[in-house]
Structure formats: structure tokens, C-alpha cells
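Let me begin by presenting the structure, written as C-alpha cells, before commenting on it.
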Amino acid sequence: MCFALNAQANNSKEEYKCLLETTTGSQIGFYNWKRNQVKSKSQLLVAKKIKSDKKNAYIKDVIECVPLNEDFSSADAKRIDKATVR
């Protein structure tokens, strides 16, 4: 029974925010993924097009992804997150 509950928790979708390094600079992206797929989904973001303030940009690297209600670990990511409009 506990296994079934854990499996359900891993399969439920959760909102995440990711610090992205793009061709136009660093920015935060927002995603809705299953908890057990965060690592694989974040790796698939590289080379994808994303809207930026300046123009369309491409994701060069995913620095960090955390649940929406949690803080990033780096000070730079926290600063960018605080300035990001939701």
C-alpha cells in the first residue's frame, strides 16, 4: 500500500521553475512536470526555443530546477527569480 502511495506522489504533476542560460542571457522558465521526470525533462530543454524579453532565444543550458514554491540555491538565481514577473 505504501508503494502505491509513493508511486502516485511521483506521478503527480508539480510546477517547477528553472534557471536557464539562453542565447540572450539568464532567465527563469516555468514548467509543469511529474516529479519523477524532472531530470529527464530538464535535459530535453537544451536547444529549445524560448521567448525572451528581447527576442526569441535558444536554451544553452539548464542550471537548476526547483519546485515553484522553493528557493534556488545560488544568489544569482534568487536575484533573477525575484525580478521575474509571474
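Taken together, the residues in the stretch 37-86 that are β-branched (Val, Ile, Thr) and either assigned to a helix (DSSP H, G or I) or at pLDDT below 95 (or both) amount to 5. Of all residue pairs spaced 6 or more apart or on separate chains, none has beta-carbon atoms under 7 Å together with a first member in the stretch 64-86 that is at positive phi and a second member that is at pLDDT 95 or above.
The values are calculated or read from the model by the stated rules, or taken from the named source; none is laboratory data. What you see is a predicted model; the values in this text were computed from it and never measured. All Cβ positions, glycine included, derive from the backbone under ideal geometry; neighbour counts span all protein chains shown.
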